[in-house]
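Engineer: Here you go, one structure.
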Amino acid sequence: MLVHFVTDEPNKIPALRAMLEPQHVVDSYVLGTAGRRAPSNGVLVVDADLRQSFHVVQLKAILRELRNISEKLFVVQSHLRAMVAQAFALGATEVIFRARDAVPKLAKIEIAQRQLNPGFTGEPTEVAKCAASFSSLFSAAAKGRQITLADAKKSTLAVINGIEQNGLSFWLDDVRRYHEGTYQHCLLVTGVAVAFGMGIKFSDADLMRLGLAATLHDVGKARIPLTILDKPGRLDQSEQEIMNRHPVIGYELLKLIPDMSAEILDGVRHHHEYLDGSGYPDGLTAPEISDLVRLLTISDIFAALVERRPYRSPMSKRDAYNVLCEMDGKLEAPLVKAFQSVVLKD
């Protein structure tokens with residue numbers, strides 16, 4: 001089930017995600033950040049200091065956008081009676097005293113929704129399957145457990161099925177509607193890469209290889225501190241340096257897995273390399289960059305541009321493609337040209 005979490009403190013987001021995912025999909029919003037497209041389904045959970053008048057004003061604006069969401073849970077400390085009253089005045093359907101109390105409440109809401117609507121499924125099936133697989137992969141990596149190739153293949157196959165059934169545009173819209181942050185980016189990159197492979201008539205084996213590289217390309221981010229990974233604004237220089245370690249971290253995590261191919265490892269380590277040698281982590285130049293990496297890099301950049309982030313709205317597909325065209329010398333021009341028919345055909 002989709003949970004929209006609104007808070008005044010970004011550091012509350014990782015804790016709530018840890019409690020609710022992968023059973024539920026958490027879409028977080030920090031009060032005072034840039035707006036985003038209003039969703040039309042799910043459950044709202046609010047954990048913010050309602051004694052601050054500016055929080056109340058910001059929250060009222062969000063609630064107007066979320067007026068179609070019927071279930072609204074507010075987290076309020078039990079001794080703050082004025083905040084309890086304020087929560088109900090804002091439209092709370094229930095007040096809970098600890099964030100973890102949301103877990104049983106959401107379970108009851110989900111059961112009630114299924115009883116009222118037997119066809120209730122929450123987010124699209126293929127997106128849900130893939131998100132659950134990504135959650136399993138990242139959880140294993142973060143906790144030091146071995147990642148299994150079977151989980152990665154399962155996730156990749158779910159993306160392939162989703163693109164085959166509904167096309168890239170539907171996949172992009174569904175992912176952006178239900179996910180954010182690292183999961184959103186990985187789902188988008190894999191969808192774009194798979195559609196790219198289909199568009200240039202890859203064989204089934206080559207498509208799975210490219211899809212697997214896309215699925216695993218950012219797994220190293222599981223070892224990046226959550227304060228950096230989930231930061232609602234732009235990273236500063238020192239934070240960016242830490243973030244830029246993720247390709248090598250991912251490579252080191254995956255190279256120990258039996259049957260992990262050299263092509264996949266290459267994609268994970270080198271998806272931020274450019275033909276002119278200006279990329280990272282190894283500063284490779286054109287003769288050293290494989291075809292798979294070239295495809296993956298284009299997919300990664302495009303996905304980053306069209307994804308929804310707290311500090312900016314997503315670019316249109318046309319504008320994102322134009323950015324790729326302006327990166328002549330860094331990306332392979334014939335591949336960028338071939339990419340046009342994949343992402344701009346509708």
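The values are calculated or read from the model by the stated rules, or taken from the named source; none is laboratory data. Because the structure is a prediction, the values reported are computed rather than measured. Virtual Cβ from ideal backbone geometry, glycine too; neighbours counted across all protein chains shown. In case anyone asks, the SASA skips ligands and DNA or RNA and just uses the protein heavy atoms, side chains included. Shrake-Rupley method; radii C 1.70, N 1.55, O 1.52, S 1.80 Å.
Engineer: For segment 160-230, rounded, prolate or oblate, judged on the Cα gyration tensor with a ≥ b ≥ c (square roots of eigenvalues), a/c < 1.5 rounded, else prolate if a/b > b/c?
Structural biologist: Judged from the Cα gyration tensor, segment 160-230 comes out oblate (a/c at least 1.5, b/c at or above a/b).
Engineer: Mean-square fluctuation check for the chain, GNM, Cα pairs under 10 Å: which of 75, 127, 323 is largest?
Structural biologist: Sorting by GNM fluctuation, first place goes to 323.
Engineer: For residue 337, go through the lysines and keep the ones whose alpha-carbon is under 28 Å away, minus same-chain ones fewer than eight residues off.
Structural biologist: 201, 317, 345
Engineer: Further, regarding this structure: Please report, as a whole percent, how much of the solvent-accessible surface of the chain comes from carbon and sulfur atoms (probe radius 1.4 Å).
Structural biologist: It is 52 percent, rounded to a whole number.
Engineer: In a GNM of the chain with a 10 Å cut-off on Cα contacts, which of 13, 109, 96 has the highest mean-square fluctuation?
Structural biologist: Per the Cα network of the chain with a 10 Å cutoff, 109 tops the list.
Engineer: Would you tally the net charge around residue 55, using a Cβ to Cβ cut-off of less than 9 Å, leaving residue 55 out, and scoring K and R as +1, D and E as -1?
Structural biologist: -1
Engineer: Another question, if that's okay. Given a 1.4 Å probe, how much area per residue of the chain is accessible, in Å²?
Structural biologist: Accessible surface, normalised per residue, equals 46 Å².
Engineer: Using alpha carbons only, how many angstrom separate the centre of segment 194-240 from the centre of segment 148-178?
Structural biologist: Taking the Cα centre of each part, segment 194-240 and segment 148-178 sit 13 Å apart.
Engineer: Net charge near residue 83, counting Lys/Arg +1 and Asp/Glu -1 over other residues with Cβ under 10 Å of its Cβ?
Structural biologist: Result for the neighbourhood of residue 83: +1.
Engineer: Hey, what number do you get for the chain at 222 nm if only DSSP H runs of n ≥ 4 count, each worth -39500 (n - 2.57), divided across all residues, to the nearest 500?
Structural biologist: -17500 deg cm²/dmol, from helical runs alone.
Engineer: Under 17 Å between alpha carbons, and skipping anything fewer than 8 positions from residue 12 in its own chain: which lysines qualify?
Structural biologist: Partners found: 231.
Engineer: With a ≥ b ≥ c taken as the square roots of the eigenvalues of the C-alpha gyration tensor of segment 224-300, please select rounded if a/c is under 1.5 and otherwise prolate if a/b is larger than b/c or oblate if it is not?
Structural biologist: Because a/c hits 1.5 or more and a/b fails to exceed b/c, segment 224-300 counts as oblate.
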